[in-house]
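Please read the structure below before turning to the comments.
The values are calculated or read from the model by the stated rules, or taken from the named source; none is laboratory data. Because the structure is a prediction, the values reported are computed rather than measured. Note that each Cβ is placed from the backbone with ideal geometry, even for glycine, and that neighbours are counted across all protein chains shown. Only protein heavy atoms, including side chains, enter the accessible area calculation; ligands, DNA and RNA are left aside. Shrake-Rupley method; radii C 1.70, N 1.55, O 1.52, S 1.80 Å.
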Amino acid sequence: MRKRYAVPLGVLGTGVAGIGYASVIERNWFRLRRYDVPVLAPGQRPIKILHISDTHLTPGRRRMIKWVSALDALEPDLVVNTGDSISHRDAIGPFLDLLGPLLDRPGVFVYGSNDMYSPVPKNPARYLWRTSQKDYSKRRTVPDLPYRELGAAMTAAGWLDLNNATGTIKAGDTEIWLGGINDSHINKDRYDEIAGPARGPLNIGVMHSPEPRNLDRFAADGYQLLLAGHTHGGQLCVPLFGALVTNCGIDRARVSGLNRHGDAWLHVSAGLGTSPYAPVRFCCPPEASLLTLVPSASA
């Protein structure tokens, strides 16, 4: 009788332990990734960009709030927020606390779908055969989160709204041309509104979801660095295999990290948070990234 139940109970115990690790430990095991990106002209001073994404903040995430606000000690020249900042209508105040002193630095932002639409319970297995894009096509058309107030709070601090918009910002000694689009995951991207050759010696494209059709257009227009989030790095990854899904059109090999896309560099953040209905991460710890732009040997 003991042997009969030993294996099932062992498997059950392992599963419970795994869920506990993924939801309590790794979900709060914040990491800072560092990358050098060779896009500057010879002799130009390095530029530090702090890339944050997918906080999916709800009131009470004090550990995340404290960790992100402390990143101001890195003294970034520019902060880029690629969306899905909130997951609760009362999270704008906590999100501003999360940014803290970073709001006093030059910054830009775009929205993600979860800045507009509150999270709902879903069967996570569905991501194995479809993205969540269809969830917004007919059933959810009216935003129920205060995304306009969220954007107004960031613009009031001097941050640049790049939702289907372009603009310039000075980071350190360098004038940067930036183009951005609203979230393609809910069909709010309007690249035609920003299309055309990028206008600066340094050009950065900003988006939430790294859809290849938009990445292609950014690269063709001369943007040297593309920044995105949305994927959560797969969120649940398999050791020695990696992400099972990307929840968008990007391939699994580039679900997170720094890679090439044509002539451009692409950085996809694995993000800092999760949906409150799926508060787990496995082999994919939450992250922010410090990208140091340095001179290119071929420039």
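Quick rundown of the values:
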| item | result |
| --- | --- |
| Members of segment 70-105 found to be open to solvent by 20 Å² or more (accessible area, probe 1.4 Å), out of contact with any Phe, Trp or Tyr (no Cβ under 8 Å at 6 or more places or on another chain) and under 17 Å from Lys48 (Cβ atoms), listed by number | Ala70, Asp72, Ala73, Leu74, Glu75, Asp77, Pro101, Asp104, Arg105 |
| Options Leu244, Leu258: the member that is in contact (Cβ under 8 Å) with a residue 40 or more places away in the chain and surrounded by fewer than 16 Cβ atoms within 10 Å (Cβ to Cβ) | Leu244 |
| Top-ranked residue in segment 92-135 [being among the small types (Gly, Ala, Ser) and modelled with pLDDT of 70 or more; ranked as nearest to Pro276 (Cα to Cα)] | Ser118 |
| Cβ-Cβ under 8 Å pairs, at least 6 apart or on other chains, segment 18-38 side under 20 Å from Ser53 (Cβ atoms) and surrounded by 15 or more Cβ atoms within 10 Å (Cβ to Cβ), far side small (Gly, Ala, Ser) and at pLDDT below 90 | none |
| Lys138, sole failed condition from (1) within 17 Å of the chain's Cα centre (by Cα); (2) assigned to a loop (DSSP other than H, G, I, E, B); (3) at pLDDT below 95 | (1) |
| Pairs where the first residue, in segment 191-208, is in contact (Cβ under 8 Å) with a residue 24 or more places away in the chain and the second is surrounded by fewer than 22 Cβ atoms within 10 Å (Cβ to Cβ) and part of a loop (DSSP other than H, G, I, E, B), C-beta under 6 Å, 6+ apart | Glu193/Asn164; Pro197/Asp221; Pro197/Gly222; Ala198/Asp221; Ala198/Gly222; Asn203/Gly222 |
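So that you can scan it fast, the table gives a plain yes or no per residue for (1) open to solvent by less than 20 Å² (accessible area, probe 1.4 Å); (2) basic (Lys, Arg); (3) more than 20 Å from the chain's Cα centre (by Cα):
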site	(1), (2), (3)
Ala157	no, no, yes
Asp161	no, no, no
Asn164	no, no, no
Gly167	yes, no, yes
Ala171	yes, no, yes
Leu178	yes, no, no
Ile181	yes, no, no
Ile194	yes, no, yes
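Conditions (1) at negative phi; (2) over 11 Å from the mean Cα position of the chain (by Cα), marked per residue:
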| position | (1), (2) |
| --- | --- |
| Ala264 | yes, yes |
| Val268 | yes, no |
| Gly271 | no, no |
| Ser275 | yes, yes |
| Phe282 | yes, yes |
| Val294 | yes, yes |
